[in-house]
Amino acid sequence: MTKLFLILMLGFSPLVFAKKAVPDLFAAAESGDLATLKNHKSALKEKNSAGESLLIKAVSAGQMETAKWLIRNGADVNEADLSGGTALLYAVSGGEEELALLLIEKGADLEKTYGERKESVVFEAVRLGQNKVLEKILTKSPKLAQGANTEGETALFEAVRSAQSKSAQILLKKGADKAVRNKKGRKAVDLADPKTDSALIQILN
C-alpha cells in the first residue's frame, strides 16, 4: 500500500503534509513584524531580487526596533544592494536621523562612495540638512569634510547648492577648505546666488 493511497483512504488531502510556506521576511522587516523574524532566524541573511538585506528593508521603512534586533542578531550594517546602496545611505536619504546615528555607532562604513559622482554619505547629509548626522560622521572621520567627488567638489559645494548654511558652518568647523576649486575652476562661494544666499556668501568669504 503506497503512502499516497493510505493518505487518500484516510480522507486527508496531500496538501496537509506539504511543507509549510516560509512567510515573506522582507515584508516582516518592512512592517516591524519582529515575531515573524524571530521565528525564522536561520533565514536572516537572505536577500531579495534587488539585493536588499532585511536590515536595508527595515531601515528604509524607519523600523528602529527591528533594525536594532537584526544588528544584534548578526546583520551586516555595510551590506549593499544591487545598486550599491547601504542601510546608512537609505537612512540618511530617507530622513531617518536616529537610524543613521545607530548605524554609525554600529560601524557603518563612512568612507564608502555612491553613484557616478562617487560621493560619500556626507554629501547626502548636507543635501538634506541632516546636521546631527553630519556632525557625527565628521567627528568620526574628519577627513570627509575635504572629500571630493568626481567633479572635484567637496560637500561645501553641495551645501551652497542646497542652501544649507548650517551645514556649511559645520563643514568649515571640521576642516573644509573654502578655497577649493572644482574642475571648472569655481569655488563653492561662486555657486551662491547673491539675491538669496547672502548668509552663505558671508560664511564663505
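Observations, loosely collected:
- Counted residues, the stretch 26-38 - those being loosely packed, with under 14 Cβ neighbours inside 10 Å and of a type outside the set (D, E, K, R): 2
- Counted residues, the stretch 164-203 - those being part of a loop (DSSP other than H, G, I, E, B), within 23 Å of residue 143 (Cβ to Cβ) and among the charged types (D, E, K, R): 5
- Inclusion of residue 171 among residues that are closer than 21 Å to residue 135 by Cα and modelled with pLDDT under 95 is not warranted.
- Residues in the stretch 95-133 that are touching a residue at least 40 places away in the same chain (Cβ under 8 Å) and farther than 17 Å from residue 71 by Cα: 125, 126, 133.
- Residue within the stretch 34-43 that is modelled with pLDDT of 95 or more and under 30 Å from residue 116 (Cα atoms) present: no
- For the stretch 129-147, residues that are assigned to a loop (DSSP other than H, G, I, E, B) and crowded, with 18+ Cβ neighbours inside 10 Å total 2.
- Pair list, Cβ < 8 Å and 6+ apart or interchain, from the stretch 71-94 residues that are within 25 Å of residue 135 (Cβ to Cβ) to residues that are surrounded by fewer than 16 Cβ atoms within 10 Å (Cβ to Cβ) and β-branched (Val, Ile, Thr): none
- Subset of the stretch 39-70 (residues that are over 24 Å from residue 130 (Cα atoms), basic (Lys, Arg) and in a helix (DSSP H, G or I)): 41
- Filter pass, residue 151 being acidic (Asp, Glu), closer than 30 Å to residue 198 by Cβ and assigned to a helix (DSSP H, G or I): no
- All positions within the stretch 124-144 that are farther than 15 Å from residue 93 by Cβ and touching a Ser or Thr at 6+ places or on another chain (Cβ under 7 Å): 131, 144
- Exactly one residue among 92, 77, 121 is at pLDDT 95 or above, in the same structural domain as residue 156 (by TED's automatic domain parsing) and within 15 Å of the chain's Cα centre (by Cα), and that residue is 121.
The values are calculated or read from the model by the stated rules, or taken from the named source; none is laboratory data. The structure displayed is predicted, hence computed values, not measured ones. Because the Cβ atoms are built from the backbone with ideal geometry, glycine has one as well, and the counts that use them run over all protein chains shown.
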